[in-house]
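Structure first, then comments.
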Amino acid sequence: MTLFQITVLAVIQGITEFLPVSSSGHLALTPVLMDWKDQGLTIDVAVHVGTLGAVLAYLWREVWMMFCGIGKLATGKVDEGAKLAGLVIIASIPVVIAGLAVKTYFGEGLRTPVIIGWAFIVGGVLLYLGDRYGLRIKKMAHITVGNALLIGVAQAFAVIPGASRAGTTITMARLLGFERRDAARFSMLLSIPAIAGAGLLQGMEVVQSGDAAFQANILIVAGLAFVTALLAIVVMMGWLQKQSFTPFVLYRVALGIAILWIAA
């Protein structure tokens, strides 16, 4: 891939990963719209790893709290950090099962314009309903095991390109009554095990390939995704202090309609 192509993919991933607009959908559509050869899952995972670094940097307090909490479990102590880590693990189980099922039975068969288009539209409508009618009375500290499991089940639908991991988890969190910023924060925490797992598997393949040029491209795309993702997170969290998810809803529905129209 050229440096220009890598830059475009990294910027798209960085901007869209934590917004409820589906980064996987955008990555699948980009080569189609630009008439490029599909970049493949390895590049997709590389840009996701870059965004993983961004969320670790932004939520470093929560991440450190979970890390310390897990360490204290060896002494028999269960603190807030350990509880939060447990909730993240519980919420991550459904998407692992869904991911294995899709890989086994569908492969990349879901990366089609029609599926992506409908996923954008349906996901956008559900996001609007959750954001419009969901209460705003719960903080992240109020998440229960049941809440985490429901959010995790919602995240499982993100294996469909266009559905959006951030979109599905935020929608469910809003339906459960969590405030917008807290819904977004927990959604970002859930991205850590999902991205780390996929990144580890693909990373081993890249190292074993022995292709120095390809490995250099991977590092470049991950670094660019990190910078753009961190900026996108800061902007989104600032926006959610006073505003709703409605602009993202309108964008999703409009893009979904455009995709279906082009694919028809």
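The values are calculated or read from the model by the stated rules, or taken from the named source; none is laboratory data. Bear in mind the structure is a predicted one, so any value in this text is a computation, not a measurement. Cβ placement follows ideal geometry from the backbone for every residue including glycine, while neighbour counts extend to all protein chains displayed.
Conditions first: (1) surrounded by 14 or more Cβ atoms within 10 Å (Cβ to Cβ); (2) more than 20 Å from residue 48 (Cα to Cα); (3) of a type in the set (S, T, N, Q). Residue 246 passes all but one, so which condition is the exception? Checking residue 246 against (1) surrounded by 14 or more Cβ atoms within 10 Å (Cβ to Cβ); (2) more than 20 Å from residue 48 (Cα to Cα); (3) of a type in the set (S, T, N, Q), the one that fails is (1). Could you say whether any residue in segment 173-194 is in contact with a Pro (Cβ under 7 Å, 6 or more places away or on another chain), modelled with pLDDT of 95 or more and surrounded by 24 or more Cβ atoms within 10 Å (Cβ to Cβ)? Checked against the condition, which is being in contact with a Pro (Cβ under 7 Å, 6 or more places away or on another chain), modelled with pLDDT of 95 or more and surrounded by 24 or more Cβ atoms within 10 Å (Cβ to Cβ), segment 173-194 yields no hits at all. Is it the case that residue 83 is of a type in the set (Lys, Arg) and part of a helix (DSSP H, G or I)? It is true that residue 83 is of a type in the set (Lys, Arg) and part of a helix (DSSP H, G or I).
Residues in segment 126-146 that are assigned to a loop (DSSP other than H, G, I, E, B) and among the charged types (D, E, K, R): 136, 139.
Any residue that is more than 22 Å from residue 187 (Cα to Cα) and touching a Pro at 6+ places or on another chain (Cβ under 8 Å) - is there at least one of those in segment 90-110? Scanning segment 90-110 turns up at least one residue that is more than 22 Å from residue 187 (Cα to Cα) and touching a Pro at 6+ places or on another chain (Cβ under 8 Å).
Right, residue 237: more than 20 Å from residue 8 (Cα to Cα), at pLDDT below 80 and in a helix (DSSP H, G or I) or not? Taking the combined requirement at face value, the residue does not satisfy it. Only one entry in 124, 130, 134, 99 is in contact with a Lys or Arg (Cβ under 8 Å, 6 or more places away or on another chain) and touching a residue at least 60 places away in the same chain (Cβ under 8 Å), namely 124. Inspect segment 144-167 for any residue being within 29 Å of residue 30 (Cα to Cα) and without any contact (Cβ under 8 Å) to a residue 40 or more places away in the chain and give the result as yes or no. Scanning segment 144-167, I find at least one residue that is within 29 Å of residue 30 (Cα to Cα) and without any contact (Cβ under 8 Å) to a residue 40 or more places away in the chain, so the answer is yes.
Residues in segment 1-25 that are outside any helix (DSSP H, G or I) and more than 11 Å from the chain's Cα centre (by Cα) were compared, and the one that is surrounded by the most Cβ atoms within 10 Å (Cβ to Cβ) is 1. The condition (being under 19 Å from residue 190 (Cα atoms) and either of a type in the set (Val, Ile, Thr) or at pLDDT 90 or above (or both)) is satisfied by just one residue among 32, 78, 63: 63.
If you go through segment 92-138 and keep only what is among the small types (Gly, Ala, Ser) and crowded, with 16+ Cβ neighbours inside 10 Å, you end up with 92, 98, 99, 117, 119, 123, 124, 130, 134.
Looking for something within 19 Å of the chain's Cα centre (by Cα) and crowded, with 16+ Cβ neighbours inside 10 Å - is there at least one such residue anywhere in segment 32-40? Yes, the conditions are met somewhere in segment 32-40. Got at least one residue in segment 65-77 being hydrophobic (A, V, I, L, M, F, W, C), over 15 Å from residue 151 (Cβ atoms) and assigned to a loop (DSSP other than H, G, I, E, B)? No, segment 65-77 has no match at all. Of the residues making up segment 52-65, one or more are closer than 22 Å to residue 234 by Cα and of a type in the set (D, E, K, R).
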